[in-house]
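The values are calculated or read from the model by the stated rules, or taken from the named source; none is laboratory data. Keep in mind that what you see is a predicted model, and the values were worked out from it rather than measured. Cβ placement follows ideal geometry from the backbone for every residue including glycine, while neighbour counts extend to all protein chains displayed. These accessible areas exclude ligands, DNA and RNA; they are computed on the full protein's heavy atoms, side chains included. Shrake-Rupley method; radii C 1.70, N 1.55, O 1.52, S 1.80 Å.
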Amino acid sequence: MAISPDLLHKVSTEEDPPELDLSWLQPREAQQVERVRAGRRGMTFDEVERGREVPDHVNAFTLRPRDARRREDAVRTGQYYSDKSDVWSENARLLYEEAVQRQWSSATDIPWEKVTPLPDDLERAMCQLCTFLTEVEFIAGDAPAQWLPKIPNDYYETKLFILSQIMDEARHLDVFRKRAFVNGGGLLSEGQSGPSLRIILDAKDFTEMSAIMHVFAEGFVQSLFRTGELVSFNEAEKAIYRLCAQDESRHLGFGVMHLKYILDTVPERREEIHHYLDQVEGPLSLDITQAGASGATPFFDEAIMILAGGGLKGVDKGAERLMEVRKKQVNEYMHRLEVAGLGERRDRMNPFFRSLLDPPRN
Amino acid sequence: MTQGATTTKATFPSVEWFKAISAIVNDDPGYNHIGTCDATVGVRIPDLEKNYLLTFEAFEVSDVREVTPAGAEDTDFWLEMPYAKWKEMLENIKQNGKADLHHTLNTIDLEDPEGFARSHDGYRRDAFYRFNQTFQYFFDSSAKIDTAFV
């Protein structure tokens with residue numbers, strides 16, 4: 001087919017360069033910033049943000065990152081929190097960097113070859129514990145994820161931290177699923193955690209979610225992971241629980257410091273926060289209503305008792321160990337609330353919890 | 001961790017012993033792989049009246065010194081148990097190349113009613129859990145030296 005002379009002329013002629021809007025390139029449009037050098041931990045946000053203020057209040061409706069110039073024609077992308085206190089934690093930046101540095105892989109960092117056959121009662125108890133933890137970790141990922149679209153980009157540190165938490169929770173449900181299957185046991189019964197843990201998914205406010213999930217629930221799960229390490233039967237399980245406890249401690253740390261920040265800056269929310277804790281301590285108080293069972297999650301309790309007792313025959317010893325763990329959980333919860341500035345919780349706590357508290361420290 | 005050629009000898013407890021372990025981990029890619037750790041950790045052996053302060057900073061143990069009891073407690077957390085228990089833990093590590101299932105830091109902590117890791121601050125104490133793998137690696141590395149006991 002012949003090419004028309006007109007078309008040939010058109011394609012062989014250079015196009016006029018487009019008009020470029022280079023206004024963004026003008027020095028007056030650029031912020032003056034110091035050159036940044038990496039520190040001992042590498043190029044972290046501590047280096048990048050040194051000397052830069054995080055605003056207490058923002059009118060955020062778009063995707064504009066903090067410190068970027070506004071555009072008049074930027075479209076609105078959502079309804080975001082506007083106060084720093086609503087989402088801020090002074091350690092969010094540090095915990096995000098730490099999370100990135102301390103990631104691990106369930107595929108390669110666990111010595112799976114060390115998992116050896118166990119007696120049936122112990123294997124099934126470990127599988128039931130792993131089933132419970134897998135279920136719980138789904139909630140721990142879903143709950144904070146719901147809040148990502150509400151956090152303005154101006155407070156990106158919190159957004160990044162929450163994203164790192166979701167990655168951690170993904171790895172946890174991944175590793176517990178693998179442990180359940182690796183020895184031929186598999187996942188066992190769906191837990192009874194749904195009704196009581198739904199309170200976390202139903203939170204209507206970021207601080208509510210953080211208080212009940214990060215401070216309350218993850219504090220308890222961290223203790224469970226430590227207990228899991230204690231009752232482990234091989235180095236693989238030891239590593240799993242130890243690594244998961246590390247991750248959980250970051251989430252907990254975020255929650256404690258968010259609670260502290262909000263109590264320091266918006267003290268009028270104190271009673272509201274007590275209300276959230278009243279709500280969560282009730283359903284999740286794990287009150288022992290009869291020997292060997294708990295009000296919230298009996299299958300889980302029974303699994304722990306069998307593991308801690310070394311088998312079905314040692315279930316009484318396991319029950320004692322479970323109570324020791326509960327006591328530790330509740331006391332650590334109280335100590336964290338004291339750090340956050342909620343020391344009066346000692347007198348307002350769920351009665352069963354309060355019965356487990358040690359005397360106050362001077 | 002595998003046991004390599006043992007060349008260093010040091011007496012526990014002493015600044016030299018902690019510095020020997022620090023030198024090993026500071027030069028160990030496996031330790032770096034775990035990630036950064038920022039914490040001040042006290043070590044207390046009350047029956048010997050020995051107290052130490054270890055500073056974990058980024059990818060290394062940056063400082064070791066002998067301190068007063070108050071100095072060991074003015075930290076994120078401190079590890080405290082009688083000398084016989086410290087000796088048992090370190091001998092177990094030496095024998096196995098690392099702590100066996102009954103001698104990990106977390107297990108010892110949970111089995112001690114008073115707790116092995118202690119703190120005056122419920123938030124700072126969480127550093128024990130947040131960096132637990134790092135601290136375990138540190139003490140497991142003592143398998144690489146010849147430890148004499150006082």
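The table that follows gives values for the structure above.
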{"read-out": "MRE, 222 nm, helices only [DSSP H, n ≥ 4, -39500 (n - 2.57), over chain B, to nearest 500]", "value": "-10500 deg cm²/dmol"}
{"read-out": "Hits among lysines - C-alpha to C-alpha of A:K150 under 26 Å, sequence gap 8 or more where chains match", "value": "A:K84, A:K159, A:K204, A:K260"}
{"read-out": "Per residue accessible area in Å² of chain B, where ligands, DNA and RNA are left out and the probe is 1.4 Å", "value": "41 Å²"}
{"read-out": "Highest to lowest packing among A:235-242, B:22-29, A:160-167, scored as the average C-beta count within 10 Å", "value": "A:235-242, A:160-167, B:22-29"}
{"read-out": "Amide H partners (placed H, <5 Å) of B:K50, local residues excluded", "value": "B:I45"}
{"read-out": "For segment B:9-142, with +1 on Lys and Arg beta carbons and -1 on Asp and Glu, the positive-most of B:F128, B:P82, B:T40 along the dipole", "value": "B:P82"}
{"read-out": "Pairs of lysine residues in segment B:9-142 - Cα separation under 19 Å, sequence separation of 8 or more or cross-chain", "value": "13"}
{"read-out": "Ordering of A:216-229, A:248-261, A:105-118, A:60-73 by packing [mean C-beta count within 10 Å, highest first]", "value": "A:248-261, A:216-229, A:105-118, A:60-73"}
{"read-out": "Buried area at the B-A interface (accessible, heavy atoms, 1.4 Å probe, summed, Å²)", "value": "2900 Å²"}
{"read-out": "Table column - 3J(HN,Hα) (Hz), segment B:124-137, Karplus curve with 6.51, -1.76, 1.60, x for Gly and Pro", "value": "5, 4, 4, 4, 4, 7, 4, 10, 4, 4, 5, 5, 5, 4"}
{"read-out": "Amide H within-cut-off set for B:T11, under 5 Å, with H built and near neighbours excluded", "value": "B:W17, B:A148"}
{"read-out": "Centre separation in Å (Cα based) which lies between segment A:189-238 and segment A:309-323", "value": "21 Å"}
{"read-out": "Karplus 3J(HN,Hα) series, Hz, for segment B:87-102 with 6.51 cos²θ - 1.76 cosθ + 1.60 (x for Gly, Pro)", "value": "4, 4, 5, 6, 5, 5, 4, 4, 5, 9, x, 5, 4, 7, 4, 9"}
{"read-out": "For segment A:84-355: accessible area per residue (Å², 1.4 Å)", "value": "35 Å²"}
{"read-out": "Chain A, relative contact order [Cα under 8 Å, separation at least 6], %", "value": "17 percent"}
{"read-out": "In Hz, Karplus ³J(HN,Hα) per residue of segment B:62-67 (6.51, -1.76, 1.60; θ = phi - 60°; x = Gly, Pro)", "value": "8, 7, 9, 8, 7, 9"}
{"read-out": "Given charges at Cβ of Lys, Arg, Asp, Glu: the protein assembly as shown dipole, positive-most of A:A180, A:Q146, A:M43", "value": "A:A180"}
{"read-out": "Computed helical MRE - 222 nm, chain A, DSSP H runs ≥ 4 contributing -39500 (n - 2.57), nearest 500", "value": "-17000 deg cm²/dmol"}
{"read-out": "Share antiparallel - DSSP beta bridges, chain B, percent rounded to 5", "value": "65 percent"}
{"read-out": "Positive-end extreme of charge dipole, the protein assembly as shown - chosen from A:T227, A:S106, A:L20 (charges on Cβ)", "value": "A:T227"}
{"read-out": "Percent RCO, i.e. relative contact order, over segment A:134-194, from Cα pairs under 8 Å lying at least 6 residues apart", "value": "43 percent"}
{"read-out": "Exposure of A:M43 as accessible area (Å², to 10), given a probe of 1.4 Å and all protein chains", "value": "100 Å²"}
{"read-out": "Carbon plus sulfur fraction of accessible area for the protein assembly as shown, probe 1.4 Å, in percent", "value": "53 percent"}
{"read-out": "Linear extension gain, A:D202 paired with A:L312, 0.36 nm per residue minus alpha-carbon span", "value": "35.9 nm"}
{"read-out": "Long-range amide H partners of B:E60 with built H, under 5 Å", "value": "B:C37"}
{"read-out": "Reachable lysines, given that their alpha-carbon falls under 19 Å from the alpha-carbon of A:K317 and they are not under 8 places away in the same chain", "value": "A:K327, A:K328"}
{"read-out": "Chain A - charge dipole about Cα centre, Lys and Arg +1 at Cβ, Asp and Glu -1, debye rounded to 20", "value": "840 debye"}
